[in-house]
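Taking it in order: structure first as structure tokens, then the write-up.
The values are calculated or read from the model by the stated rules, or taken from the named source; none is laboratory data. Everything quoted here is computed from the prediction, not taken from an experiment. Heads up, the Cβs are rebuilt from the backbone with ideal geometry, glycines too, and the neighbour counts pull from every protein chain shown. The protein model used for the area step is the full one, side chains on, heavy atoms only, and it has no ligands, DNA or RNA in it. Shrake-Rupley method; radii C 1.70, N 1.55, O 1.52, S 1.80 Å.
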Amino acid sequence: MIFVLLQSIFNIMPEMNRFRHLIRHYPMTLICLAAVWYLSLLINVPETPMNDVPFIDKWTHLVMYGGTCTVMWVEYMRCHDRLIGWKLFLYAWLGPILMSGLLELMQRYCTTNRAGEWLDFAANSTGVTLAAVIGLLMWKMRGKR
């Protein structure tokens, strides 16, 4: 019985270490992701004079996701000496796009004051892709120094 308890505790420890690693190496990314979730689900967007700007909502989505993923790339470059393509593809491109789709569905079906839109998803995906391009350019410039 004690052996099973100790084994379950030690199986949890790598997950705790992973969480500590994320907090220590990617603090701004985690803050940005929390802000995206908060702004996407809990804030009722007020009317502003900027509402007259065509596609202002889509520009906001593009900047929000592009900024978050650019921060992710900068923190990755700060913590790593080499580029691991599949990890970046998974965590800095595919993950944010899937999260964006999930948030749009949650806005549509789980909130009363927000509406999920396919164009928002497209703007989010464009922001993530632009951040990936910027990140790759920053990585190449970093190598030339």
Checklist line | Pairs with Cβ under 7 Å, 6+ apart, first in region 30-56 and assigned to a helix (DSSP H, G or I), second of a type in the set (Val, Ile, Thr) | finding: Leu30/Ile23; Cys32/Thr68; Cys32/Val71; Leu33/Thr68; Val36/Thr68; Leu41/Thr111; Met50/Ile56
Next item on the list: Taking Leu130 as the residue in question, decide whether it is assigned to a helix (DSSP H, G or I) and either touching a Leu at 6+ places or on another chain (Cβ under 6 Å) or surrounded by 15 or more Cβ atoms within 10 Å (Cβ to Cβ) (or both).
Entry: yes
Next item on the list: With respect to Leu98, determine if the residue is assigned to a helix (DSSP H, G or I), closer than 24 Å to His21 by Cα and under 20 Å from the mean Cα position of the chain (by Cα).
Entry: yes
Item checked: Residues satisfying the stated conditions in region 1-37, i.e. modelled with pLDDT under 55 and of a type in the set (Ser, Thr, Tyr) -> Ser8
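Within the group Thr48, Thr60, which residue is modelled with pLDDT under 95, more than 17 Å from the chain's Cα centre (by Cα) and among the β-branched types (Val, Ile, Thr)? Let's see the steps before the verdict.
Working: Thr60 fails: more than 17 Å from the chain's Cα centre (by Cα).
One residue alone meets the criteria, Thr48.
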Check: Considering only residues of region 83-116 that are more than 30 Å from Met138 (Cβ to Cβ) and without any contact (Cβ under 8 Å) to a residue 40 or more places away in the chain, which is most open to solvent (accessible area, probe 1.4 Å)?
Finding: Tyr109
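I'd like the residue in region 52-82 that is β-branched (Val, Ile, Thr) and in contact with a Gly (Cβ under 9 Å, 6 or more places away or on another chain) and, out of all such residues, is most open to solvent (accessible area, probe 1.4 Å).
First, the residues of region 52-82 that are β-branched (Val, Ile, Thr): 53, 56, 60, 63, 68, 70-71, 74.
Of the ones still in play, those that are also in contact with a Gly (Cβ under 9 Å, 6 or more places away or on another chain) are 63, 68, 70, 74.
Numbers: Val63: 97, Thr68: 11, Thr70: 36, Val74: 73 Å².
Top of the filtered list is Val63.
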